[in-house]
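The values are calculated or read from the model by the stated rules, or taken from the named source; none is laboratory data. Values in this document were obtained by computation on a predicted structure and should not be read as measured data. Note that we place each Cβ from the backbone using ideal geometry, even for glycine, and neighbour counts take in every protein chain shown. In case anyone asks, the SASA skips ligands and DNA or RNA and just uses the protein heavy atoms, side chains included. Shrake-Rupley method; radii C 1.70, N 1.55, O 1.52, S 1.80 Å.
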Amino acid sequence: MHSFITSYAYYNPDKFHFYGEELMKRCMAYRTLLDAGIHAAAGSDFDPGPFSPLMGIQGMVTRTGWNGEVWGANQRITVDEALRVNTINGAYATREEAIKGSITAGKLADFVVLAEDLHRVDPQKLKDIQVVRTVVGGLTVYKA
């Protein structure tokens with residue numbers, strides 16, 4: 001099990017010149033891990049920041065920063081893979097996949113409703129999708 005900071009590819013491209021492209025081909029290596037059959041999970045080292053999980057998904061899918069630069073494009077993953085990294089794989093990482101991580105009868109009812117389908121939005125705009133509702137334990141805790 002591995003967990004990387006998902007929003008880093010979008011939020012910090014100004015630092016990547018210091019790392020160089022060769023290192024960036026191995027950083028936040030979701031493609032490499034998933035291809036090896038490893039249950040990679042989403043992570044963050046900065047929970048009070050403005051880093052929406054949708055920003056992380058966009059970064060994993062596009063590997064494009066806020067400034068338009070692409071770093072480590074070989075590590076891009078699909079929207080479906082990014083959803084798994086952020087849901088069932090996270091539950092697997094904490095050994096809670098029996099009670100969370102997917103919408104399945106008998107599991108906790110924790111989910112969000114989005115205004116748009118992640119699969120139909122321009123990948124460069126995934127971070128801008130509005131969260132319409134957040135449900136935790138079957139109760140709505142946020143409604144736009």
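Here are the numbers for the structure shown:
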item: Highest-MSF residue in the chain out of Y92, Y11, Y19 [GNM, Cα springs under 10 Å]; result: Y19
item: Carbon plus sulfur fraction of accessible area for the stretch 31-144, probe 1.4 Å, in percent; result: 56
item: Counted charge near V141, where neighbours are those whose Cβ lies closer than 13 Å (Asp, Glu -1; Lys, Arg +1); result: +1
item: Environment charge at A82 (Cβ cut-off 13 Å; Lys +1, Arg +1, Asp -1, Glu -1); result: +3
item: Rel. contact order, % - alpha carbon contacts under 8 angstrom, at least six apart, the chain; result: 24
item: Rounded if a/c under 1.5, otherwise prolate or oblate - the stretch 64-144, Cα gyration tensor axes; result: oblate
item: Angle between the chain longest axis and helix 53-62 axis [Cα atoms, degrees, rounded to 10]; result: 40
item: Charged-residue dipole, Cβ positions (Lys, Arg, Asp, Glu), the stretch 59-139 about Cα centre, Debye nearest 20; result: 120
item: The chain: calculated mean residue ellipticity at 222 nm from DSSP helix runs of at least 4, using -39500 (n - 2.57); result: -6500 deg cm²/dmol
item: Nearest-20 debye value, the chain charge dipole, Cβ charges on Lys, Arg, Asp, Glu; result: 200
item: Among R31, R76, R133: highest mean-square fluctuation, GNM of the chain, C-alpha pairs under 10 Å; result: R133
item: Added length on full extension, which subtracts the Cα-Cα distance from 0.36 nm per residue, C27 to S44; result: 4.7 nm
item: Beta bridges per DSSP with both ends in the chain, % antiparallel, nearest 5; result: 75
